[in-house]
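Following: one structure in structure tokens, then a few remarks.
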């Protein structure tokens, strides 16, 4: 029984890590494409989307670890 609980915890936390990487990467890519579309000299959308997605994922991680 203990082995199954350990395996479930491993899958839960590894999926959280993959979600974190995928979400931040996707938002950074979208921000980059918007910056390229508007031909901005400063990557405002890239930074904004990346920071917002990072903050959102940290909140999700915090909530999930406190369950």
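Any read-out appearing in this document is the output of simple, stated calculations on the displayed coordinates, not a laboratory observation. Predicted, not measured: the structure shown is a model, and the values here were computed from it. Glycine gets a Cβ as well: all are built from the backbone with ideal geometry, and neighbour counts include every protein chain shown.
Go ahead and run the numbers for FRET between residue 52 and residue 15, Cβ-Cβ distance against an R0 of 35 Å, rounding to 0.05. Kindly include the intermediate steps, with their values, before the conclusion.
On the way: r = 21 Å, r/R0 = 0.61.
It comes out at approximately 0.95.
What is the distance, in nm, between label points placed 7 Å from the Cα along the Cα-to-Cβ direction at residue 26 and at residue 65?
Each label point is offset 7 Å from its Cα along the Cβ direction, giving 2.3 nm.
Using the beta-carbon distance between residue 39 and residue 6 and R0 = 35 Å, what value does 1/(1 + (r/R0)^6) give for FRET efficiency, to the nearest 0.05? Before the final figure, lay out the partial values.
Values: r = 51 Å, r/R0 = 1.46.
Computed FRET efficiency for residue 39 and residue 6 comes out at 0.10.
What is the angle, in °, between the Cα long axis of helix 2-38 and the longest principal axis of the Cα atoms in the chain? Nearest 10 is fine, range 0 to 90.
The two axes meet at around 0 degrees.
Taking the 0 to 90 degree range and rounding to the nearest ten, how far is the long axis of helix 44-65 tilted relative to the main principal axis of the chain, both from C-alpha atoms?
10
Evaluate the Debye formula for the chain with equal point scatterers sitting on the alpha carbons, no solvent, and hand back log10 of I(q)/I(0) at q = 0.18, 0.23 Å⁻¹, in q order, two decimals.
-0.70, -0.90
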